[in-house]
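Accompanying notes for the structure given below.
The values are calculated or read from the model by the stated rules, or taken from the named source; none is laboratory data. Predicted model only: the values in this text are computed from it and were never measured. Positions of Cβ are generated from backbone atoms using ideal geometry, with glycine treated the same way; all protein chains shown enter the neighbour counts.
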Amino acid sequence: MNQYIVGIDYGTDSCRALVVNSTTGKEETSHTAFYPRWREGLYCTPAQNRYRQHPQDYIDSLEEAVHGVLRQMKPAEINNIVALGIDTTGSTPCLTDRNGTPLALLPGYEEDPDAMFVLWKDPTAVNEADEINRLAHEWETDYTARSGGIYSSEWFWSKALHILQQNERIRRDARGLIEHCDWMPALLTGNLLPEKVKRSRCAAGHKGMWAEEWGGYPSSVFLSRLDPLLGEFRAHLSDETHTGGTPVGTLTEEWSERFGFPRSVVVSAGILDAHVGAMGAGIRANCMIKIIGTSTCDIVVTPKQDIGDKLIPGISGQVDGSVIPGLIGLEAGQSAFGDIYAWFRDILSWTANTIPKKERVALTSNLLQRLTVEAENLPFTETDPIANDWLNGRHSPFADQTLKGGIMGITLETTPAQLFKSLVEATAFGSRAILEHLAKEGVRVEEVIGVGGISLKSPYVMQTLSDVMGVPIKVAATQQAGALGAAMLAAVATGLFDSLQSATDRMEQGNLTTYTPRQEVSLLYKARYERYQSLAHFLSTKQSFLQNQQ
């Protein structure tokens, strides 16, 4: 009898549901639902890099996505749905009340952005991250040691500290803190009390300074030094975390009725999208999965014996079991990738805002495609502009969200296609910098697999990546790597498979194509990469000088 698994993938803009037949491994049907409030631009201030999402958006889009896939299934198939897995962006935390309810769902807080989930790409907590880093580096235990030595403004504790220090009204009712990937399974199974939530090893280790070697999360004494409320939150956090494939519980009666699922459906522990997307793409030891979208996340898993006691500096964590149980999960990435191309498109099409929407859409919809055609036909010259990819700060290696991007070598003869080419190269150079950093630290990467919209839609970008990085890059066939990985974990949680490897063997979708570096082009890019590094050094030192002058 066929049994079906539902994978739920919460991205930056939407919630996607995927139904997988665990017997055949086939992806049966999928549906995407966009966040209604987010789509209207509510609660966000891009000029200040403030990005917030309302928890009701997550609830509404989840129901729409699930009902969207159910409409494509037969009643007998729906009755054979046995498990559901969830991944989300991260770190995307929210302050809650004592009962674990996000404050934005309480009367009086519905329109307060500080009561909502703070999206992964919101770096407004720069000062608070600096405060955490200073204290951690002076403390008897350096709690940043497994986060590359630098705690980011985009992560769990810094975001909470920022809101608590900025919003006195929020302080009055905030009694807990939860990651989006932990809240969704807790909501569906009715286990919302902060001390009862089964928290993700992935999110806790990579974003929350959790590690077995110091007994779990940072101590209450340490967190209370930052803010007494953080110490109170810590008291309700279990030091036990859960790897993918752990069952959280079964659906509550309310959610069974809202979905139209059997009550017996097992919900697995939550996980972050990049890490589970790596599972969906078939990650294995010494393989790098590049999740390529608005930003990038690079996930590598390595055997414990290969890494030993070495702590890798400048990355976003190394966590035992954060991806595959028994292997060390390493995370790095770029703060902007596809967002850089979208920014350039919007710059070029700015004047189109003055014309009617229908005409504007027709004018701008294929602008990037036109730029791509021209850019890939441009010859290499010594005077080509060189760009840097820090337009949203630097994520890896060595996170620094205060850094700004730049372009060098522009003249009055520079064309839009040349500028676009330089931006594509910049994103590829940033990827190479990460690969070289891992190699320098002794991490073996023997295979690279690309996942996400850009890997499927832009051969030009993918070929440039391969040429610049100097390695073949496979492209995963699945268009829903996150949801597929979440479904794999749910299949393990419900006992259909005895291990993630068994689930992967059955459900993995394989690869579509492989991009191979062109030797003569790679040699040309070697020289341009050196110019990229010179520009990066100039930008970082000059910006540091200017900050010190202020």
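Show the residue pairs that are 6+ apart or on different chains and have beta-carbon atoms under 7 Å apart, the first residue being within segment 128-153 and more than 15 Å from Val221 (Cα to Cα) and of a type in the set (Val, Ile, Thr), the second being at pLDDT below 95 and surrounded by fewer than 18 Cβ atoms within 10 Å (Cβ to Cβ).
The qualifying pairs are Ile150/Phe398.
Kindly indicate whether any position in segment 374-397 is over 23 Å from Tyr525 (Cβ atoms) and surrounded by fewer than 20 Cβ atoms within 10 Å (Cβ to Cβ).
Taking every residue of segment 374-397 in turn, none turns out to be over 23 Å from Tyr525 (Cβ atoms) and surrounded by fewer than 20 Cβ atoms within 10 Å (Cβ to Cβ).
Only residues that are without any contact (Cβ under 8 Å) to a residue 24 or more places away in the chain and either among the acidic types (Asp, Glu) or crowded, with 20+ Cβ neighbours inside 10 Å (or both): list them for segment 228-253, please.
Arg234, Glu253
Identify, by number, the condition in (1) touching a strand residue (DSSP E or B) at 6+ places or on another chain (Cβ under 6 Å); (2) more than 24 Å from Ser502 (Cβ to Cβ); (3) of a type in the set (Asp, Glu) that Asp273 doesn't meet.
(2)
Taking helices (runs of 4 or more DSSP H) that fall entirely within segment 1-120, which contain at least 1 residues that are touching a residue at least 12 places away in the same chain (Cβ under 8 Å) and crowded, with 23+ Cβ neighbours inside 10 Å?
Ranges flagged: 55-70.
Does Gln401 count as farther than 18 Å from Gly293 by Cα, of a type in the set (S, T, N, Q) and modelled with pLDDT of 95 or more? Let's see the steps before the verdict.
Numbers: farther than 18 Å from Gly293 by Cα: yes; of a type in the set (S, T, N, Q): yes; modelled with pLDDT of 95 or more: no.
Judged against the criteria, Gln401 is not a match.
Here is a list: Glu138, Glu128. Which entry is farther than 25 Å from Asn49 by Cα, modelled with pLDDT of 95 or more and assigned by TED's automatic domain parsing to the domain that holds Ala211?
Going through Glu138, Glu128 in turn, just one is farther than 25 Å from Asn49 by Cα, modelled with pLDDT of 95 or more and assigned by TED's automatic domain parsing to the domain that holds Ala211: Glu138.
Any idea how many residues of segment 403-442 are under 20 Å from Arg370 (Cβ atoms), in contact (Cβ under 8 Å) with a residue 60 or more places away in the chain and acidic (Asp, Glu)?
Total meeting the criteria: 1.
Regarding Leu423, is this residue part of a helix (DSSP H, G or I), within 20 Å of the chain's Cα centre (by Cα) and either surrounded by 15 or more Cβ atoms within 10 Å (Cβ to Cβ) or not basic (Lys, Arg) (or both)?
No: the conditions fail for Leu423.
Here's a check for you: in segment 482-521, which residue that is assigned to a helix (DSSP H, G or I) and not assigned by TED's automatic domain parsing to the domain that holds Gly25 is farthest from the chain's Cα centre (by Cα)?
The qualifying residue farthest from the chain's Cα centre (by Cα) is Glu520.
Could you please find all residues in segment 122-175 being among the charged types (D, E, K, R), assigned to a helix (DSSP H, G or I) and surrounded by fewer than 21 Cβ atoms within 10 Å (Cβ to Cβ)? If you could, list the steps in order and put the result at the bottom.
Of segment 122-175, the ones among the charged types (D, E, K, R) are 122, 128, 130-131, 134, 138, 140, 142, 146, 154, 159, 168-169, 171-173, 175.
Retained after the next criterion (residues that are assigned to a helix (DSSP H, G or I)): 128, 130-131, 134, 138, 146, 159, 168-169, 171-173.
Of everything in segment 122-175, those that are among the charged types (D, E, K, R), assigned to a helix (DSSP H, G or I) and surrounded by fewer than 21 Cβ atoms within 10 Å (Cβ to Cβ) turn out to be Asp130, Glu131, Arg134, Glu138, Glu168, Arg169, Arg171, Arg172, Asp173.
Here is a list: Leu229, Leu237. Which entry is assigned by TED's automatic domain parsing to the domain that holds Asn167, of a type outside the set (Gly, Ala, Ser) and assigned to a helix (DSSP H, G or I)?
Matching residue, one of Leu229, Leu237: Leu229.
Could you say which residue among Ile291, Ile283, Ile315, Ile299 is in contact (Cβ under 8 Å) with a residue 40 or more places away in the chain and outside any loop (DSSP other than H, G, I, E, B)?
Testing whether each residue is in contact (Cβ under 8 Å) with a residue 40 or more places away in the chain and outside any loop (DSSP other than H, G, I, E, B) leaves just Ile291.
Is it the case that Thr383 is among the β-branched types (Val, Ile, Thr) and either touching a Lys or Arg at 6+ places or on another chain (Cβ under 8 Å) or under 28 Å from Lys457 (Cβ atoms) (or both)?
No: the conditions fail for Thr383.
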